[in-house]
1. At R0 = 60 Å, how high is the FRET efficiency between residue A:219 and residue A:13 if r is their beta carbon distance? Nearest 0.05 is fine.
2. Please compute the average number of Cβ atoms from other chains found within 10 Å of each residue's Cβ in peptide B:325-332.
3. How large is ³J(HN,Hα) for each residue in the range B:339-347, as worked out from phi by the Karplus curve 6.51 cos²θ - 1.76 cosθ + 1.60 (θ = phi - 60°), to whole Hz, x for Gly and Pro?
4. Calculate one ³J(HN,Hα) per residue across the range A:303-316 by plugging θ = phi - 60° into the Karplus curve 6.51 cos²θ - 1.76 cosθ + 1.60, and present them in order as whole Hz with x for glycine and proline.
5. Checking a compactness column here: for the range A:210-322, what do you get for Rg(Cα) / (2.2 N^0.38 Å), N being the number of residues?
6. Using the Karplus curve 6.51 cos²θ - 1.76 cosθ + 1.60 with θ = phi - 60°, what ³J(HN,Hα) values do you get for each residue of the range B:356-367, in whole Hz, with x for Gly and Pro?
7. So how far, in whole Å, is the C-alpha centre of the range A:1-65 from the one of the range A:108-169?
8. Would you pull out the residues with amide H under 5 Å of residue A:207's amide H, same chain only if 5 or more places away, H placed 1.01 Å from N?
Number of protein chains: 2
Amino acid sequence: MVNPKTVLQHLDELRALTSDESGAQRVAWSPTWLKARAWFDEKLKGLPVEHHCDAAGNHWITLAGRSEKSLVIGSHLDSVPNGGWLDGSLGVLAGLEVLTELAKKYNGEPPCTVRLVDWADEEGARFGRSLFGSSAFAGSHTIEADRVRTDREGITLETALRDCGIDVNRIGEAGNERKNIAAYLELHIEQGPVLEKLGKPLGVVQGTKGVERWAITFHGQEAHSGSTPMEVRRDALAAAAKLALEIRPIARKHPQSVATMGSVKTFPGIVTAVVGRCEATLDMRDLDAQVLAGMLREAKEASERFAQEERCSVEWAKIWSIEPIPFHPALINLCEEAIMETAGVSEQLPSGPLHDAAEVARLGIPTVMMFVQSLNGLSHNRAEDTRREHIEQAVIALNRLAEKTLTWIQQQ
Amino acid sequence: MVNPKTVLQHLDELRALTSDESGAQRVAWSPTWLKARAWFDEKLKGLPVEHHCDAAGNHWITLAGRSEKSLVIGSHLDSVPNGGWLDGSLGVLAGLEVLTELAKKYNGEPPCTVRLVDWADEEGARFGRSLFGSSAFAGSHTIEADRVRTDREGITLETALRDCGIDVNRIGEAGNERKNIAAYLELHIEQGPVLEKLGKPLGVVQGTKGVERWAITFHGQEAHSGSTPMEVRRDALAAAAKLALEIRPIARKHPQSVATMGSVKTFPGIVTAVVGRCEATLDMRDLDAQVLAGMLREAKEASERFAQEERCSVEWAKIWSIEPIPFHPALINLCEEAIMETAGVSEQLPSGPLHDAAEVARLGIPTVMMFVQSLNGLSHNRAEDTRREHIEQAVIALNRLAEKTLTWIQQQ
């Protein structure tokens, strides 16, 4: 039998080892992250597994089965600075417990190969490039754009990775790990309030929402706050403020859409000057590509209308985007079954946050994720939490899902 | 006869000496400012004047008259970084020309003493404390609050001033200069678009508007932009955006009121997070103290309403305020006469920006200012400009005003 208490004990150990009073500090490529990985290596001792890091720093643990067809369970040990105790690490440590249980149950040789992967740098906290390891694995990563990235101290990504034994020119070789993968499962905390509001411990993730991420700059005219009459101002902040409010009704037209203005910067940004330039960011997400495209169009039109009203101009520059990535229908059904058998209730919901699972699913590998309820919807924060009994249910459900998926793989 | 071409020539010289391609760089206490002052000292050679710096660094040039009663003409040579060629320096160099003319006309001994003052650090550009020298002169300056101010490099105000020979503990001694001052005149560019819109070269300043300057912080809840549904968000930016728009109708109820949100900062301020905390600044001005108080009250009420609507809280912290300071009725009339005789048209308007004249007027010293038209209302900017023929008219009108004021002082 899978033992969910072991997972809780491991999570507590890892928290004690890699957090301070501000939260988890397992930032990828940092000494604390390396410490977390070394601690994890110790936990593998005695298991009938082979393990190694691939060319992008992803850590693969393989329990060879009778068939080479592989079931992969994955997540990440890295955290944001001042992060939570569950984001990522729950998935890895629950995966470890499931792997351990399968090794035991099948006397070291399950019907299919079972692998656990600890993806490198899911968060992108230090260099601003999230899903680093899984995108290298998926071949969707062009290192050229990232080679010059630097952290706050000016250290390049290339240098930091070299110090961890990674040659950035060779990370594409992580794609070698794709061979024989038949299914991918990932357990993660929801990081949002939906399951808690519904009173449900677990949910099936339908897919990850598409994201449109843009930098929007309004150009007005800097002017003296004391000497410039209201009617002659060209206030870039006013145009941005109108947009900050307008994106909300745009998103609310669709039940699962979100739109966020997360950053506003004012220039010159002093108390005595009308804002001449205002830089804002916009992040819009939906599981439906057409809905997302429509939201983006509406926001652009609104920004142009507001710019005109305020006698400003507006520019849009794309930061990043990703299409919606639906998960596999058969695995969604298996996940729903596993949750119902464990908790008696389930919910299907999209994931707003991105996850490594999205990179795997893009390759056409059958993929599904399971969410466990987050308390108060908080994450990326030391206040991030989940009820311990829900964590236990999540481990049991993940184990059931893994068993069902092994059977499903054999039927393919 | 006063020679306005000399003033233009001096302004051009000073610009060539102390500007770069980004504009004027005469930031107080900087080497370039000291260079401007050294250049100015050269211009005093041959004039029958005594000159010295007071304990706060204000530079006083005295043409002793038959009476000790003094007419003071003042302005400032310091500029903001990347500033204009006229802000401050026009007043000092026009004052120098008037002083030179009066020395000539009265053979070195006018009926009253005439003094020119170049105030130290009017702009407060480096340490954020404007009207430094004139407030020390006026005794309205408490050094205790400013002692710890630092510039961007972390150099304290105390250290920077010591390097210029100023002991911050003694700046109050600048008050000694107040003795016998019977009137104060200041010529300045308008720094706004009013006179240009009216097609008038010169205007009489009725007084300086009162200012209420506040830091406003909205507290919401930081949340993940992907996982947090729109309806559960507590978006601090949304509350601030509403206020940024609402201050405009509040100000527009009164013909001369202005209200500006000049700075908005978002925390954590990243593309993937709902804004948990939003810090904004508000600057409100009017010449009528009751109008100003009413505007402030309305803005506070609105901010509380918006905070409630967005399930945020709001805090107000005063940055600074000053009451409206009306100028002297008799001098306003003399200024109106001088302008009418010079330009044939005049306009009375309040000053939105503060000036050293406000500190002088607060002491009860009869004071008036004259504005010359600014082009496009621009200032604090290398694009700051005024037609050369308007500068010439301003010098002639200032000279007329000085003559009229000398007569008026003798009648007191």
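The values are calculated or read from the model by the stated rules, or taken from the named source; none is laboratory data. What you are looking at is a predicted structure, and each value in this text was computed from that prediction instead of being measured. So basically every Cβ, Gly included, is an ideal-geometry build from the backbone, and we count neighbours across all protein chains shown. Heads up: the accessible areas ignore ligands, DNA and RNA and are worked out on the full protein's heavy atoms, side chains in. Shrake-Rupley method; radii C 1.70, N 1.55, O 1.52, S 1.80 Å.
1. Values: r = 53 Å, r/R0 = 0.89.
It comes to 0.65.
2. Numbers: counts 0, 0, 0, 0, 0, 0, 0, 0.
Going residue by residue through B:325-332 and averaging, the value is 0.
3. 5, 4, 5, 8, 10, x, 9, 8, 8
4. 5, 5, 5, 5, 4, 5, 4, 9, 6, 10, 10, 9, 10, 10
5. Values: Rg = 14.8 Å, N = 113, 2.2 N^0.38 = 13.3 Å.
Scaled against compact globular proteins, the figure is 1.11.
6. Here the 3J(HN,Hα) series is 3, 4, 5, 5, 5, 5, 4, 6, x, 6, x, 9 Hz.
7. 16 Å
8. Here A:327, A:351 satisfy the definition.
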